[in-house]
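First the structure, in the form of structure tokens, and then the observations on it.
The values are calculated or read from the model by the stated rules, or taken from the named source; none is laboratory data. The model shown is predicted, which means the values in this text are computed figures rather than measured ones. Ideal geometry is used to build each Cβ from the backbone, glycine not excepted, and the neighbour counts take in all protein chains shown. Side chains are part of the model used for accessible areas, which takes the heavy atoms of the whole protein and leaves out ligands, DNA and RNA. Shrake-Rupley method; radii C 1.70, N 1.55, O 1.52, S 1.80 Å.
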Amino acid sequence: MYYYQHKGALLASDTPQTGFGPAVTPSGSSPLFVLVGGDPILGRGSFKVAHPGQLSAPHGLEVLDASRLPHGDADPFLAQAIAQGRCTAINENRPGWESLLTQTPKAGKKRVNLLAIGDVGSTLLTGLKLLGGDVISSIGICDLSAQITARWEFEMGQIALPWNYDAFPEVEVISPEQLFDCDLFVFVASKGIPPVGSAVKDVRMAQFEQNAAIVKHYARMARAAQFQGLWAAVSDPVDPLAKTAYLESNKDENGAWDGKGLRPEQVQGFGLGVMNARAAYFAKRNPKLASFLTEGRSFGPHGTGLFIANSLEHYDEALSQELTHLTVTANLKMREIGFKPYVAPALSSGALSLLLTLRGEWHCGSVFLDGIYMGVKNRYTPAGVETELLPHIPDPLFAHIREASEHLKEIL
């Protein structure tokens, strides 16, 4: 490896670099940034390195599986930085990558702004209000209807513990111009949700075209505001809308890509949380599926393409297929009962997953990987977003994960 001091940071590369001054001998325990190649649009922007092989194959699904990564002896200093969790990979082909060298995670509680306070938004808001006092400083709410925001500001303002009136974050109404004055922007806006009893089979994808148009508008606003926080996509279809936000924010006024908008790791889709919770619901009620509760995992999008593994240690294709089917069709079951399935998604994918994210804890969400937003177990760390690295993903399961990726590529 070759090491350089640049903009006050320690850089590493496996090839000699020009423009950074002479190579140096690395020392100390400061953050280490390793330059990797990659497509400027469809490659990852930056991420926490958990295995040396992720530097050789940084952008594909292999980063999830240690057994599929290149192996070899790592430079001792690099190996130590990875082991200590202070190594960040940066795609040097992405415009503006140098800005990451001087960014430091914001300490303390975070400001959250929420767009659209409908059924999902109001339920998600309630969860954040009640459970987020440890990590949220305040919550801004915005909606096309001033009557709706007035209602929820009034309601939320009257939720308090006796004699401990500052235990929960305050909620205030904000204008659209204030939406990106925050650390976490939550997109819950939606248009054209098929009514209960309609003949639409893929309810999520039926919303894509109209919701994508809304996302484009706010993605351009995020670009104009030079937003540096996290964009959370909660509206359906979650994963394609996350990618839409990323792509549209990086286009100039002529629609040409310039890479000056949201970095791919600044966007995450929050739809896998409820799918994982639904799988747990069925696993608790059927002994043959119970292995999921201690050994299982969920991968892929919030909808078609999702795959639930009954177990990583004792993978069973038939059981996994059964559990996947139950999970994917759970929303249709709720519609058959006669209700829109929004409470569990608003809490499991929304409030609970967002709070785990703010706390830097493991959660289910879609991160940019293989050119799409792929649902995996992940967390945000001072060194960047970290995806769970499993020792070995069974071949049939890995094939399903790849199928999910190809499915999402067909959409967008």
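What the table below lists for this structure:
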{"read-out": "GluC sites (Glu not before Pro) restricted to DSSP loop in segment 241-320 with at most 13 other C-beta within 10 Å", "value": "GLU253, GLU313"}
{"read-out": "Between helix 146-157 and the chain: long-axis angle, C-alpha atoms, 0 to 90°, nearest 10", "value": "80"}
{"read-out": "Computed lengthening from ALA399 to TRP163, 0.36 nm per intervening residue step minus Cα-Cα distance", "value": "79.4 nm"}
{"read-out": "Three principal axis lengths of segment 354-411 [C-alpha, angstrom, descending]", "value": "32, 29, 18"}
{"read-out": "Coil-residue trypsin sites (Lys or Arg not before Pro) of segment 206-297, DSSP, other Cβ within 10 Å capped at 12", "value": "ARG285"}
{"read-out": "Stokes-Einstein D for segment 44-110, Kirkwood Rh over Cα pairs, 4 °C, 1.567 mPa s (µm²/s)", "value": "97"}
{"read-out": "Inverse mean reciprocal Cα-Cα distance (Kirkwood Rh) of segment 81-236, Å", "value": "17.8"}
{"read-out": "Value in Å of the Kirkwood radius, where segment 2-91 supplies the Cα pairs that are averaged", "value": "13.5"}
{"read-out": "Lysines whose Cα lies under 29 Å from that of LYS7, excluding same-chain neighbours fewer than 8 positions away", "value": "LYS48, LYS106, LYS109, LYS110, LYS251, LYS260"}
{"read-out": "Cα long-axis angle, helix 395-411 against the chain (0 to 90 degrees, to the nearest 10)", "value": "70"}
{"read-out": "Computed [θ] at 222 nm, helices only, for the chain once each DSSP H run of length n ≥ 4 contributes -39500 (n - 2.57)", "value": "-9500 deg cm²/dmol"}
{"read-out": "Difference of contour (0.36 nm per residue) and Cα-Cα distance, THR18 to LYS340", "value": "110.1 nm"}
{"read-out": "Where labels lie 7 Å past Cα in the beta-carbon direction, separation of PHE154 and ILE411 in nm", "value": "3.8"}
{"read-out": "Within segment 113-172, chymotrypsin sites (Phe, Trp or Tyr not before Pro) in DSSP loop having at most 16 other beta-carbon neighbours inside 10 Å", "value": "TRP163, TYR165"}
{"read-out": "Dimensions in Å of segment 240-305 - Rg and Dmax from alpha carbons", "value": "17.8, 57"}
{"read-out": "Cβ charges +1 (Lys, Arg) and -1 (Asp, Glu), total dipole of segment 321-410, debye", "value": "400"}
{"read-out": "Residues of the chain: accessible area per residue with a 1.4 Å probe, Å²", "value": "44"}
{"read-out": "Kirkwood Rh and Cα Rg combined as Rg over Rh, evaluated for the chain", "value": "0.97"}
{"read-out": "Calculated P(r) of segment 286-368 - Cα pairs past 16 Å, %", "value": "61"}
{"read-out": "Global geometry of segment 272-412, whether rounded, prolate or oblate, following the gyration tensor of its Cα atoms and the 1.5 cut on a/c", "value": "rounded"}
{"read-out": "Options VAL234, THR387, ALA9, ranked by Cα towards positive dipole end of the chain, top entry (Cβ charges)", "value": "VAL234"}
{"read-out": "ILE214 - accessible surface, heavy atoms, 1.4 Å probe, Å² rounded to 10", "value": "40"}
{"read-out": "Whole-percent carbon and sulfur share, accessible surface of the chain, 1.4 Å", "value": "55"}
{"read-out": "Helix 238-249 vs. the chain, principal-axis angle (Cα, 0 to 90°, nearest 10)", "value": "60"}
{"read-out": "Dipole in debye (nearest 20) - the chain, about Cα centre, beta carbon charges: Lys, Arg +1; Asp, Glu -1", "value": "560"}
{"read-out": "Segment 1-154: mean projected area of Cα convex hull, nm²", "value": "12.7"}
